[in-house]
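Read the structure below first, then the notes.
The values are calculated or read from the model by the stated rules, or taken from the named source; none is laboratory data. Since this is a predicted model, take the numbers as computed values, not measurements. Ideal geometry is used to build each Cβ from the backbone, glycine not excepted, and the neighbour counts take in all protein chains shown. With ligands, DNA and RNA removed, areas are computed over all heavy atoms of the protein, side chains included. Shrake-Rupley method; radii C 1.70, N 1.55, O 1.52, S 1.80 Å.
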Amino acid sequence: MAVLKILIFPDQRLRAVAEEVLVIDDEIKKLVSNLLETMYEGNGIGLSATQVNIHKRILVVDVSDEKDSPLILINPKIEVLNKEEKIYSEGCLSVPGFFEEISRPSEINITALNLEGERFTIMGTDLLAVAVQHEMDHLDGKIFLDFLSNLKRQTIKRKLLKISKAAV
């Protein structure tokens, strides 16, 4: 397993739309393992393949307190069960150090493939629903900052660019 390099906003590669996974082979299984290690190393609760510059429709999520219940979603799709939205403070490993309140549906059905290629469906509520929707946005080339005003997004962009230049 390896910790992968996470793309940081405003990197344009975060805007790529991920492609469906056609075959779940050893390469995909290794990628999933690396995504999990990278997510845990970064103290995140979710990570998409897009965030590590691999544009496949794969994401991992673990909202458990013990960080021992990973959910692997290959070619995920969601169905909103309850249009009532809740506001959550969202952060992102690709937007380090920033948290913003975002409103999302709090109940969804999630359908995906597991590592064995078997289709399954689970209901996601509250934090799981938010985390999956957040990561699915990445697969479609979106980030949570897209839900903010242009002024707020540009302010965060300038701060991240300043931090990256200082690190060089």
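Just a few scattered comments:
- As a rough guide to protection, the peptides 45-54, 139-148, 20-29 ranked by mean Cβ packing within 10 Å, highest first, stand as 45-54, 139-148, 20-29.
- Residue 123 - accessible surface, heavy atoms, 1.4 Å probe, Å² rounded to 10: 110 Å²
- Sorting the segments 94-103, 155-164 by their residues' average number of neighbouring beta-carbon atoms within 10 angstrom, most packed first, yields 94-103, 155-164.
- Put simply, the convex hull of the Cα atoms in the chain casts, on average, a shadow of 9.7 nm².
- Between region 1-44 and region 62-85, the alpha-carbon centres lie 17 Å apart.
- Computed magnitude of the charge dipole of the chain (debye, nearest 20; Cβ of K, R +1, Cβ of D, E -1): 1060 debye
- 3J(HN,Hα) along region 161-167, derived from phi through the Karplus expression 6.51 cos²θ - 1.76 cosθ + 1.60 where θ = phi - 60°, amounts to 5, 5, 5, 5, 5, 5, 6 Hz, with x in place of Gly and Pro.
- Backbone HN-Hα couplings from phi across region 140-154 [Karplus 6.51/-1.76/1.60, Hz, Gly and Pro as x]: 9, x, 10, 10, 4, 5, 5, 8, 9, 5, 4, 4, 5, 4, 5
- Percent carbon-and-sulfur accessible area, the chain, ignoring ligands, DNA and RNA, probe 1.4 Å: 52 percent
- The amide H of residue 46, built 1.01 Å from its N in the peptide plane, has 62 as neighbours under 5 Å, considering only residues 5 or more places off or on other chains.
- Solvent exposure of the chain as accessible area per residue, Å², 1.4 Å probe: 54 Å²
- Region 100-143: radius of gyration over Cα atoms, expressed as a fraction of 2.2 N^0.38 Å: 1.25
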